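Visitor: For reference, the structure I am asking about is given below.
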């Protein structure tokens, strides 16, 4: 996929990101609302016949909370826009597929980091047969971890924008399993959708 940032200097990235967001079929405000609703839905769900509540009886580790949030965002979009948006069904599709034009499909990244998002090492590796393009639209959601107190974790940062495959940098260590983004990429290619505190 050709990068919309090709040959653009860093000081032009933000305006290009705003242009890409403007042409996307989803309003960023709705994406923010869906992310926040999906987070709340996790805590309003019952598990089992007792029923057990997440946040009261069950305090999942960040990976599980990220998984649930990731799934619920995709399902909420599919529910709202049947036959337009759907949850990705294979490893060859983005997390949320825009059926009229897959260019606008979205990858979802969640993290309990205060401000960063990460991919696995494969995000930084070039391959002849990639499962899916690592370039395209991304929704990045950062959330708090559970603490020992009765404080319910919150969404702390939601961003939307476009990332290219080359933006992901793998860990230098041969055994490193993580890919990250530079601060310039996170600042200029992902636009903050303000979360009410």
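Visitor: Just wondering, is there one or more residues in segment 71-90 that are touching a strand residue (DSSP E or B) at 6+ places or on another chain (Cβ under 6 Å) and assigned to a loop (DSSP other than H, G, I, E, B)?
Guide: The answer is yes; a qualifying residue exists.
Visitor: To continue, here is another question. Give the residues of segment 11-56 that are on the phi > 0 side of the Ramachandran plot and assigned to a strand (DSSP E or B), sorted by residue number.
Guide: none
Visitor: If I filter segment 1-10 for residues that are surrounded by 14 or more Cβ atoms within 10 Å (Cβ to Cβ), in contact with a helix residue (DSSP H, G or I) (Cβ under 6 Å, 6 or more places away or on another chain) and not in a loop (DSSP other than H, G, I, E, B), do I get at least one hit?
Guide: Within segment 1-10, none of the residues are surrounded by 14 or more Cβ atoms within 10 Å (Cβ to Cβ), in contact with a helix residue (DSSP H, G or I) (Cβ under 6 Å, 6 or more places away or on another chain) and not in a loop (DSSP other than H, G, I, E, B).
Visitor: Something else: Within segment 27-66, take every residue that is under 16 Å from residue 96 (Cβ atoms) and free of Cβ contacts under 8 Å to residues at least 12 places away in the same chain and give me the one that is surrounded by the most Cβ atoms within 10 Å (Cβ to Cβ).
Guide: Once the filter is applied, the top-ranked residue is 33.
Visitor: Going residue by residue through segment 82-94, is there one that turns out to be surrounded by 19 or more Cβ atoms within 10 Å (Cβ to Cβ), closer than 26 Å to residue 183 by Cα and at pLDDT 95 or above?
Guide: The answer is yes, given that some residue of segment 82-94 is surrounded by 19 or more Cβ atoms within 10 Å (Cβ to Cβ), closer than 26 Å to residue 183 by Cα and at pLDDT 95 or above.
Visitor: Quick check on segment 20-42. Is at least one of its residues at pLDDT 95 or above, farther than 21 Å from residue 192 by Cα and out of contact with any strand residue (DSSP E or B) (no Cβ under 6 Å at 6 or more places or on another chain)?
Guide: There is at least one residue in segment 20-42 that is at pLDDT 95 or above, farther than 21 Å from residue 192 by Cα and out of contact with any strand residue (DSSP E or B) (no Cβ under 6 Å at 6 or more places or on another chain).
Visitor: Looking for whichever is more than 14 Å from residue 74 (Cα to Cα) and under 17 Å from the mean Cα position of the chain (by Cα) here; the options are 8, 20, 31. Which one fits?
Guide: Residue meeting the stated conditions: 20.
Visitor: Among the strands (runs of 3 or more DSSP E) confined wholly to segment 103-197, which include 3 or more residues that are touching a strand residue (DSSP E or B) at 6+ places or on another chain (Cβ under 8 Å) and at pLDDT 90 or above?
Guide: In segment 103-197, the matching strands (runs of 3 or more DSSP E) lie at 106-111, 136-143, 155-163, 178-181, 190-192.
The values are calculated or read from the model by the stated rules, or taken from the named source; none is laboratory data. These figures come from a predicted structure and were not determined experimentally. Heads up, the Cβs are rebuilt from the backbone with ideal geometry, glycines too, and the neighbour counts pull from every protein chain shown.
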